[in-house]
Amino acid sequence: MSTLFTFGNLDIRVLDILDIIIAAYLIYFIYKYVKGTAAVNIFVGIVLFLLLLIGVTQLKMRLLTLMLGSIAGIGLIGLIVIFQPEIRRVLLMIGNNTVKGRFNFLESFFKFTGIKNKAFIDRVCGNVIEAIEHLSQTKTGAILVFTKSDLPSLVNTGFFIDSELNSILLEAIFYKNAPLHDGAVIIQNNRIVAASCILPVSSSNEIPKEMGLRHRAALGVAENNEVLVVIVSEENGGISYATDRKLYYNVSKEEFKIRLEKYYMS
């Protein structure tokens, strides 16, 4: 391919420019998904190390190139171990988006309505909102995970219920003296699948210190799964929710209702 222009002793081609753009985008993409975690400092260090390696290679500093190249080769295995949660998160996101895109295509092709039936949404959201309002008024701590797909890794940590969703059962589960109140409830479509489930805790540094373990657990599961998680604080009855790797604090009942309906409509 012909040279576009010359920079010093380097001949710059179209592919070189494309190479730089793709590499820059990949760096930004990775940084975006480790931002707010302890891994971000490691990521910045890796970028600086690679820039140093490129620099000494271009300057033909053979000893430093050999040393840094050896370190890079050995460190690759260590990086996979260190970044295992972040790598898993990115792969899950890519997989979820791909599957979701195919499902949406098939749904539009066959005009399948599924759970987007208005009566269904009104019934489900009505039961959830009623339960959340009562839990908030009584300052009863609760965490509910809404999902449209199976989550065996979470369901298997709790007690299997498989009951139709209703507000009375939700309130009974989270009653302070109930045996299943400690943990999360998994709700798939219109059924309560399991209760007292253990959720992964987020390591994000962006969560305010005053937020408790429930909020960290909510963000932890929302970082790795396509879910909507609602939290009721037992300290002040405040309502928060997590979705798309973000946590929204102390929202109004109306705002949460809109978000819940949007989740079931999507």
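Nothing in this text is a laboratory measurement; each read-out follows from the coordinates by a stated rule. No experiment lies behind these values; they were computed from the predicted model shown. FYI the Cβ positions are ideal-geometry reconstructions off the backbone, even for glycines, and counts take in every protein chain you see.
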### Summary
Under the Karplus relation with 6.51, -1.76 and 1.60 and θ = phi - 60°, whole-Hz ³J(HN,Hα) for region 57-72, x at Gly and Pro, equal 5, 5, 7, 6, 8, 5, 5, 5, 4, 5, 5, 5, x, 5, 5, 4
### Task
For region 117-265, count the residues as N, evaluate 2.2 N^0.38 Å, and divide the Cα radius of gyration by that value, please.
0.93
### FRET efficiency estimate (nearest 0.05) - Cβ-Cβ, residue 22 to residue 48, R0 30 angstrom
0.90
### Summary
For residue 123 and residue 259, extending 7 Å from Cα along the Cα-Cβ vector and measuring point to point gives, in nm, a value of 2.6 nm
### Task
At 0.36 nm per residue, minus the direct Cα-Cα distance, what do residue 244 and residue 41 gain on full extension? Give it in nm, one decimal, please.
70.8 nm
#### Entry: Karplus-derived HN-Hα couplings along region 202-211 (A = 6.51, B = -1.76, C = 1.60, θ = phi - 60°), whole Hz, x at Gly and Pro
6, 9, 4, 8, 8, 7, x, 5, 6, 6
### Task
Determine one quarter of the surface area of the Cα convex hull of region 150-193, which equals its mean projected area, and express it in nm² to one decimal.
2.9 nm²
### Task
Once you have a ≥ b ≥ c as the square roots of the Cα gyration tensor eigenvalues for region 199-254, tell me rounded if a/c is under 1.5, and otherwise prolate or oblate according to whether a/b is larger than b/c.
oblate
### Query
What list of ³J(HN,Hα) couplings, whole Hz, do you get for region 216-221 from phi and the Karplus terms 6.51, -1.76, 1.60, once you set θ to phi - 60° and write x for glycine and proline?
5, 5, 4, 5, x, 6
### Task
Of the listed pairs 148/257; 148/246; 32/118; 176/257; 139/209, which have alpha-carbon separations greater than 29 Å here?
32/118
